[in-house]
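Values in this text are rule-based calculations from the coordinates and carry no lab data. Computed from a predicted model, the values in this text were never measured in an experiment. All Cβ positions, glycine included, derive from the backbone under ideal geometry; neighbour counts span all protein chains shown.
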């Protein structure tokens, strides 16, 4: 199966420290890959390199056959990379609904920029109004999916942490990227909130036309969702395969997944 996303010898150095060391990995549409490893293994740094928050020292990032490794993060997003952060990235003073509406609008205008709001070169106010209503309706639908419709008018900053995480997932879905990058999407959520986000990720996975990468410390989540596990340690890719085979590997269990399990139990 052809790769939708691929990194080739991706590397970043901070002084004498190599945080990500020549990681080559390909990700196909219709698969969910969990990226695991102990703290400091390079998981989030790898995500930052893929999404463009960090510039690689060497190596390349390919999306749908195009080298995007030199593009800044906003252009990578427009090409089809979507990123949900470990720490929420929201517009805190805007309402919950406006946060999602802006994401829906950005996607729509990015795809139809040439014709948005214009008919034969003349500004069309009715078209703008209809588009806005469409964006608002779609945004409300997404808020219903993440069970935040009742908080639509609240400022994003007023939401508790778990609800902010759900809102960020809604923003990512609104962008409808080719590749979803989830960095610990359930971090800070209560036990009751976690199933909402996991159900959304399952729904995205069921579409089979997107690739999903998931950094996650909770091994029960990894076992339930992942088609494949990639293990990083000291910036290097040390294991890659089906979950059962990777989890059963004595080296991985003792050196990497065991660390995750101990942290989870603490």
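Quick notes on this structure:
- Virtual spin-label span in nm between residue 198 and residue 73, 7 Å along Cα→Cβ: 2.9 nm
- Estimated from the Cβ-Cβ distance and a Förster radius of 22 angstrom, the FRET efficiency linking residue 13 and residue 242 is about 0.10.
- Using the average count of surrounding beta-carbon atoms within 10 Å as a protection proxy, the listed peptides 42-52, 132-142, 94-104 rank, highest first, as 42-52, 94-104, 132-142.
- Tensor-based shape of segment 17-60 (alpha-carbon gyration tensor, a/c under 1.5 rounded, otherwise prolate or oblate): oblate
- Annotation for residue 102 and residue 130: the two label points, set 7 Å from Cα along the Cα-Cβ direction, are 2.7 nm apart.
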